């Protein structure tokens, strides 16, 4: 498909398109309804495929087609149809699964689901399995003549769901159970659909069952997470109770560690299930949309597909939604409790810091007093030694006849001068040290 828009002739006659314009325009035509002639047998296989598996599956289908001289899917195609003799293969790739749909001619005189699906499924063995098989559907499209089709003879009456389309031109029924070969059987009775409407109805019914199966993948995940969420809820309640009785810093830190571990466990589970729960919701919405599009009408006293799925499937979906809501609510509660404990720990640490500062101030004052005492003793000791030296000098000068005054008087008069001078010198040295520490 060309994405360019022509506005005339000449070198500038085309408008530059958006890089995704072709993909956007082609998306609504990606999986068109194809006519199907009644009677027919349709086998659908849905495989869960990741990115690498999907890539390998595309290459395998390309090789399969080339060896038979058929056109394979293009690199950007998500849907491909190829005719192999009287069998039509429809291949589709979705975000997390790939489907192979085999349309086979059927004998108008054959009873429903005869021959068995396993005897018709051999074409699927010609291709490598792209991933784990999740859905296998055997749909039998039959013509309803003068004798009405009786689904009660084909399916389990306890699980039977039957409905007509909006104008009553078709009846479709299933019991949603796997037969001995592993196929979920669906019977569609054509009451005058025509090839195109029959193809549309068959495709919608097949999609409905496929999406129903994938939607229910969220239920085992919810059941797996249930015990873990319940245990975290109980432990959170215990921690909240312990918070009321724990006042010391060590106890609060221990409780905070417990809450952090619980939050990490919860977030790991929530992150792992985020995609699965989101996909289940999306698939469930598609199932409901397909049922609304078909426009069901009740048949006798039997439940319609909508009624059956509302009774059996809706509780499973509510379980997934409830589990996701429990995770979100529990995450918020854990965050609030952790914030409260973190505040208490911060307050306790701040109190400890204040006590430590008070202790340091006390020690500093004691050190200052001790330093003043040591300085006084140092001044006295230095003065003592200086006066002693001066005394020897004066005594020597007196003995040599240079001084007539008594040496003791001169020494005594020198003591205050020496004491004052040494005290000034020590004080100046201390001020220099303080100024140097401040700088």
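The values are calculated or read from the model by the stated rules, or taken from the named source; none is laboratory data. Here the structure is a predicted model, which means the values were calculated and not measured. Cβ: placed from backbone, ideal geometry, glycine included. Neighbour counts: every protein chain shown.
Determine whether residue 105 is under 30 Å from residue 54 (Cα atoms) and buried (at least 18 other Cβ atoms within 10 Å of the Cβ). Explain how you work it out, then say what you get.
Values: under 30 Å from residue 54 (Cα atoms): yes; buried (at least 18 other Cβ atoms within 10 Å of the Cβ): no.
So residue 105 does not fit the description; no.
Considering only the range 84-103, state which residues are more than 30 Å from residue 276 (Cα to Cα) and touching a residue at least 12 places away in the same chain (Cβ under 8 Å). Steps first, please.
In the first step, residues of the range 84-103 are kept if they are more than 30 Å from residue 276 (Cα to Cα); the result is 84-88, 103.
84, 86, 87, 88, 103 - these are the residues of the range 84-103 that are more than 30 Å from residue 276 (Cα to Cα) and touching a residue at least 12 places away in the same chain (Cβ under 8 Å).
Taking the range 45-77, which residues are under 26 Å from the mean Cα position of the chain (by Cα) and within 20 Å of residue 32 (Cα to Cα)?
Within the range 45-77, just 46 meets the criteria.
Looking at the range 222-253 only, could you name the residues that are touching a residue at least 24 places away in the same chain (Cβ under 8 Å) and closer than 18 Å to residue 329 by Cβ?
Passing the criteria: 222, 225, 226, 228, 229, 232, 233, 235, 236, 239, 240.
I'd like to know if the range 367-376 contains one or more residues that are touching a residue at least 40 places away in the same chain (Cβ under 8 Å) and out of contact with any strand residue (DSSP E or B) (no Cβ under 6 Å at 6 or more places or on another chain). Steps first, please.
If we filter the range 367-376 for residues that are touching a residue at least 40 places away in the same chain (Cβ under 8 Å), which is where we start, we get 375.
From the residues that got through so far, the ones that are out of contact with any strand residue (DSSP E or B) (no Cβ under 6 Å at 6 or more places or on another chain) too are 375.
So far as the range 367-376 goes, yes, one or more of its residues are touching a residue at least 40 places away in the same chain (Cβ under 8 Å) and out of contact with any strand residue (DSSP E or B) (no Cβ under 6 Å at 6 or more places or on another chain).
Go through the residues of the range 266-283 one by one and say whether even a single one is in contact (Cβ under 8 Å) with a residue 60 or more places away in the chain, under 24 Å from residue 44 (Cβ atoms), under 22 Å from the mean Cα position of the chain (by Cα) and not in a helix (DSSP H, G or I).
no
Scan the range 251-261 and give yes if some residue there is modelled with pLDDT of 90 or more and closer than 30 Å to residue 312 by Cα, otherwise no.
The answer is no, given that none of the residues of the range 251-261 is modelled with pLDDT of 90 or more and closer than 30 Å to residue 312 by Cα.
Conditions tested, residue by residue: (1) surrounded by 14 or more Cβ atoms within 10 Å (Cβ to Cβ); (2) closer than 21 Å to residue 374 by Cβ; (3) in contact (Cβ under 8 Å) with a residue 12 or more places away in the chain.
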site	(1), (2), (3)
387	yes, yes, yes
402	no, no, no
406	no, no, no
410	yes, no, yes
418	yes, yes, yes
428	no, yes, no
431	no, yes, no
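Kindly indicate whether residue 290 is free of Cβ contacts under 8 Å to residues at least 40 places away in the same chain, touching a helix residue (DSSP H, G or I) at 6+ places or on another chain (Cβ under 7 Å) and either on the phi > 0 side of the Ramachandran plot or in a helix (DSSP H, G or I) (or both). I'd like the intermediate steps shown before the answer.
Details: free of Cβ contacts under 8 Å to residues at least 40 places away in the same chain: no; touching a helix residue (DSSP H, G or I) at 6+ places or on another chain (Cβ under 7 Å): yes; either on the phi > 0 side of the Ramachandran plot or in a helix (DSSP H, G or I) (or both): yes.
No.
Would you check which residues across the range 247-269 are surrounded by 16 or more Cβ atoms within 10 Å (Cβ to Cβ) and under 17 Å from residue 336 (Cβ atoms) and list them?
252, 255, 256, 258, 259, 262, 263, 266
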